[in-house]
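The values are calculated or read from the model by the stated rules, or taken from the named source; none is laboratory data. No experiment lies behind these values; they were computed from the predicted model shown. Every residue, glycine as well, gets a Cβ built from its backbone with ideal geometry; the counts of neighbours run over all protein chains shown.
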């Protein structure tokens, strides 16, 4: 899309139109227990809002529907080390880019030019061998003993990275994983799935609601801020995803019998819309904003998202005509009714049919 002067842009395409004020006490610092006791704001096709709890989800689904989940697993991507001089260093692993080689965000970045060495343990070091021009992340080549496995070292030395707005959490690391997390690779959880419990899965199965899985390793692209007022000029960072033949078969069968395909989270939405009914294994940088024509999903479960985020733009698109204005009004109602926001917060269910 050709860039227009900001003054000529429709509000849906301007970054400032996705801003809102959130009281700090609305940012959830810990998840609720049990997981499915979080609140659920339901938006059905006629745009009537209903306030429920997540354990009420089966009331709004029907036999023949398909829930699609992201089975990625968060890795202990935050690691602490120091330079040879003793200066402390913090890194956040983003994605593997070669043998024992990772792209990582580093602090303090200005003090870690190419050639710098980071020491994590007696026999575990990394050298900065490049800088990614898009994210300013460092290309780190790890140096470990010949008989060692870097993944196991990361498991031993790393920590699960909670989001930066979670500043006073007392939760255990496993609560930042979905109960079906299986394939390691994400640096953040697909948080819409954090609400599901074994009991809820049993109830959904008994009701004839099927499930399928995709894998999208949540990376920096999901959180990277939009820096242009014209949102159409923002370029999403690639994230690795896989949509299997089995999942595509289930989706097509669901559609054929008149069932609904409901994505659990924005990562599932991006993956399925990127696949467009075909198996997919690779990277996606699909950015969805108002005007996008949805191809696969009939419903979506999602948490409440940060101001000016690409996730707000996606949800606005899913809500159809005047979706952004409607979403901003929904958020104001959620704030007034004291919903809990962001990763450990409450959820929304949106059904378009």
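Checked against the criterion of being assigned to a helix (DSSP H, G or I), crowded, with 20+ Cβ neighbours inside 10 Å and assigned by TED's automatic domain parsing to the domain that holds residue 309, the candidates 254, 232 yield just one match: 254. Among the residues of region 67-96 satisfying the criterion of being closer than 30 Å to residue 302 by Cα and over 18 Å from the mean Cα position of the chain (by Cα), which is surrounded by the fewest Cβ atoms within 10 Å (Cβ to Cβ)? Among those residues, the one meeting the criterion is 96.
The residue of region 288-305 that is nearest to the chain's Cα centre (by Cα), among those that are under 14 Å from residue 274 (Cβ atoms) and in contact (Cβ under 8 Å) with a residue 24 or more places away in the chain, is 288. Scanning region 231-258 for residues that are out of contact with any helix residue (DSSP H, G or I) (no Cβ under 6 Å at 6 or more places or on another chain) and under 17 Å from residue 310 (Cα atoms) turns up 233, 234, 235, 238. Restricting 189, 212 to those that are part of a loop (DSSP other than H, G, I, E, B) and crowded, with 20+ Cβ neighbours inside 10 Å reduces the list to 189. Looking across region 33-46 at every residue that is in a loop (DSSP other than H, G, I, E, B) and touching a residue at least 60 places away in the same chain (Cβ under 8 Å), the one that is farthest from residue 225 (Cα to Cα) is identified as 34. Of all residues in region 206-227, count the ones that are out of contact with any strand residue (DSSP E or B) (no Cβ under 8 Å at 6 or more places or on another chain) and either farther than 22 Å from residue 105 by Cα or at pLDDT 95 or above (or both). Total satisfying the criteria: 3.
Residues in region 319-338 that are part of a loop (DSSP other than H, G, I, E, B), over 22 Å from the mean Cα position of the chain (by Cα), surrounded by 12 or more Cβ atoms within 10 Å (Cβ to Cβ) and on the phi < 0 side of the Ramachandran plot: 1 in all. Here is the figure for region 119-136: residues that are out of contact with any helix residue (DSSP H, G or I) (no Cβ under 8 Å at 6 or more places or on another chain) and either assigned to a helix (DSSP H, G or I) or over 29 Å from residue 236 (Cα atoms) (or both) total 4. Quick one: is residue 203 surrounded by fewer than 18 Cβ atoms within 10 Å (Cβ to Cβ) and closer than 25 Å to residue 186 by Cα? Answer is no for this residue. Note down all Cβ pairs under 7 Å where the first residue falls in region 151-169 and is surrounded by 12 or more Cβ atoms within 10 Å (Cβ to Cβ), the second is assigned to a helix (DSSP H, G or I), and they're at least six residues apart or on different chains. Here the result reads 160/173; 160/176; 162/176, each pair linking region 151-169 to a residue that is assigned to a helix (DSSP H, G or I). If you check 259, 263 for being assigned to a strand (DSSP E or B), surrounded by 20 or more Cβ atoms within 10 Å (Cβ to Cβ) and touching a residue at least 24 places away in the same chain (Cβ under 8 Å), only one passes: 263. For residue 278, the conditions (1) part of a loop (DSSP other than H, G, I, E, B); (2) in contact (Cβ under 8 Å) with a residue 60 or more places away in the chain; (3) touching a helix residue (DSSP H, G or I) at 6+ places or on another chain (Cβ under 8 Å) are fulfilled apart from (2).
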